[in-house]
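As structure tokens, the structure follows; a few thoughts come after it.
The values are calculated or read from the model by the stated rules, or taken from the named source; none is laboratory data. All values reported here derive from a predicted model rather than from experimental measurement. Here Cβ is always computed from backbone atoms with ideal geometry, including for glycine, and neighbour counts include all displayed protein chains.
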Amino acid sequence: EVQLQESGPGLVKPSQSLSLTCSVTGYSITSNYWGWIRKFPGNKMEWMGYISYSGSTSYNPSLKSRISITRDTSKNQFFLQLNSVTTEDTATYYCARYRVATPFDYWGQGVMVTVSS
Amino acid sequence: QITLTQQAESLWISPGERVSITCRASQSLLYTDGKHYLSWYQQRPGQTTKALIYHASVRTDGVPTRFIGSGSGTEFTLSIEHVQPEDFAIYYCLQTLKSPLTFGSGTKLEIK
């Protein structure tokens, strides 16, 4: 069974970088696409971006200058880095598998990240 | 970008009733392959997000038949027949026709 698990610090200071890891088991990240989604307080959801089976990336233009998604295929993990965070980046961050036919069919549990000094 | 509007922030219903959740897109989600690129998801506390419906009306494997997706063009509906206690959750629509992918604002199903 495909399983995803997010990990990373739960508290980040403003202006610093937020770094999260998504560990995938039961499926290789060298197939399909792997994305990051966040849910803000108040329940608004935002697609942040994804990395493809080949390592190419696509990002939400609203984040394009601050976001980077990379991967380590040897560990079957992919990563999110969001730079210059503000309190508005406080959210629960999810990783998920994306397929064109069945978008976001598997999700992680999510990790809550608070941006605060 | 394509905006998805879920008008109802919350819906209060009793177990056993039927409920419909609507999602309106700012432009048609119909692609040249004849499919609508609209999906529905369920979020429950303590559970991973669950994909319910793809292409507006195709139920994901294992999803109970009481979940029904319908609609076309810009208007879509997720209906739940005979709502069960485990169905009280937040429901989101998502469009994957054009980047950036966008979600609806979510509709919370609450017990009356």
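To keep it simple, each residue is scored yes or no on (1) of a type in the set (A, V, I, L, M); (2) over 25 Å from residue B:87 (Cβ atoms).
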site	(1), (2)
B:12	no, no
B:20	no, no
B:24	no, no
B:35	no, yes
B:38	yes, no
B:41	no, no
B:46	no, no
B:51	yes, no
Taking the stated definitions as given, is residue B:104 in contact with a Cys (Cβ under 6 Å, 6 or more places away or on another chain), at the interface with chain A (Cβ under 10 Å from one of its Cβ atoms) and either at positive phi or crowded, with 16+ Cβ neighbours inside 10 Å (or both)?
yes
Tell me which residues, restricted to region B:83-101, are within 12 Å of chain A (Cβ to nearest Cβ) and either over 11 Å from the mean Cα position of the chain (by Cα) or small (Gly, Ala, Ser) (or both).
B:89, B:96, B:97, B:98, B:99, B:100, B:101
Considering only region B:14-39, state which residues are within 11 Å of another protein chain (Cβ to nearest Cβ) and under 13 Å from the mean Cα position of the chain (by Cα).
B:37, B:38, B:39
Filter region B:62-82 for residues that are touching a residue at least 60 places away in the same chain (Cβ under 8 Å) and surrounded by fewer than 19 Cβ atoms within 10 Å (Cβ to Cβ); which is farthest from the other protein chains (Cβ to nearest Cβ)?
B:82
Screening A:27, A:33, A:93 for residues that are over 16 Å from the mean Cα position of the chain (by Cα) and of a type in the set (Phe, Trp, Tyr) leaves only A:27
From the options A:59, A:53, A:98, residue that is under 24 Å from residue B:41 (Cβ atoms), touching a residue at least 60 places away in the same chain (Cβ under 8 Å) and among the aromatic types (Phe, Trp, Tyr)
A:98
Please work out if residue A:72 is within 8 Å of another protein chain (Cβ to nearest Cβ) and among the acidic types (Asp, Glu).
no
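Here's the yes/no breakdown for (1) within 16 Å of residue B:101 (Cα to Cα); (2) buried (at least 21 other Cβ atoms within 10 Å of the Cβ); (3) at pLDDT 95 or above:
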position: A:72; (1), (2), (3): no, no, yes
position: A:78; (1), (2), (3): no, yes, yes
position: A:81; (1), (2), (3): no, no, yes
position: A:84; (1), (2), (3): no, no, yes
position: A:91; (1), (2), (3): no, yes, yes
position: A:98; (1), (2), (3): yes, yes, yes
position: A:102; (1), (2), (3): yes, no, no
I need a count of the residues in region A:1-23 that are free of Cβ contacts under 8 Å to residues at least 60 places away in the same chain and either assigned to a strand (DSSP E or B) or crowded, with 16+ Cβ neighbours inside 10 Å (or both).
2
Given the condition over 14 Å from the mean Cα position of the chain (by Cα), exposed (fewer than 13 other Cβ atoms within 10 Å of the Cβ) and not hydroxyl-bearing (Ser, Thr, Tyr), answer yes or no: does some residue in region A:43-58 qualify?
no
Of the residues A:84, A:74, A:117, which is more than 22 Å from residue A:12 (Cα to Cα) and either touching a strand residue (DSSP E or B) at 6+ places or on another chain (Cβ under 8 Å) or not charged (D, E, K, R) (or both)?
A:74
